[in-house]
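Take a look at the structure set out below.
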Amino acid sequence: MAFKFKAIDHVQLAAPKGSEEQARRFFGDVLGFEEIEKPAELKMRGGAWFQYGNCQIHIGIEEPFVPARKAHPAFEIEDIEELKQHLSVSGIDFIVDDKLPGANRIYVHDPFGNRIELLEWVKS
């Protein structure tokens, strides 16, 4: 094959109509993503786009809306213990999962019920 996959460009999560401010608070204020400008042709669809380093999350409006409760993006992070403290202080519930060998990981749900995995690989 001549083609090859290079990287994940972005992950899209669905949200209900009118939920952009909730997305800004969660992804921007709580998780520290920066909101980035959507292309003019896509602004009329609603939603919001966020970026942290090379990671992008696109929040797309979907009607009728159904959250992704099992399917999820997973983000590798540094200092997950600090993140856990930050989430607790921010009033965000998370689930600790120790079923992946070598990983310290948690799951959170965005304000719309979509599952997000956050993990830090344990150095041996």
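At a glance:
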read-out	value
Matching option when the condition is of a type in the set (Phe, Trp, Tyr), touching a helix residue (DSSP H, G or I) at 6+ places or on another chain (Cβ under 9 Å), under 21 Å from ARG115 (Cβ atoms) and modelled with pLDDT of 95 or more, among PHE27, PHE75, PHE33	PHE33
Flag if ILE92 is touching a strand residue (DSSP E or B) at 6+ places or on another chain (Cβ under 7 Å), touching a residue at least 40 places away in the same chain (Cβ under 8 Å), of a type in the set (A, V, I, L, M) and assigned to a loop (DSSP other than H, G, I, E, B)	yes
Residues that are within 28 Å of LYS6 (Cα to Cα), surrounded by 13 or more Cβ atoms within 10 Å (Cβ to Cβ) and among the basic types (Lys, Arg), drawn from the stretch 21-71	LYS38
Positions within the stretch 77-111 being surrounded by 12 or more Cβ atoms within 10 Å (Cβ to Cβ), closer than 25 Å to GLU20 by Cα and not aliphatic (A, V, I, L, M), in sequence order	LYS84, HIS86, SER90, PHE94, TYR107, HIS109, ASP110, PRO111
Inter-residue pairs, beta-carbon under 9 Å, first part of a strand (DSSP E or B) and in the stretch 95-121, second hydroxyl-bearing (Ser, Thr, Tyr), 6+ apart	ILE95/TYR107; VAL96/TYR107; ASP97/TYR107; ARG115/TYR107; ILE116/TYR107; GLU117/TYR107; LEU118/TYR107
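The values are calculated or read from the model by the stated rules, or taken from the named source; none is laboratory data. Here the structure is a predicted model, which means the values were calculated and not measured. Positions of Cβ are generated from backbone atoms using ideal geometry, with glycine treated the same way; all protein chains shown enter the neighbour counts.
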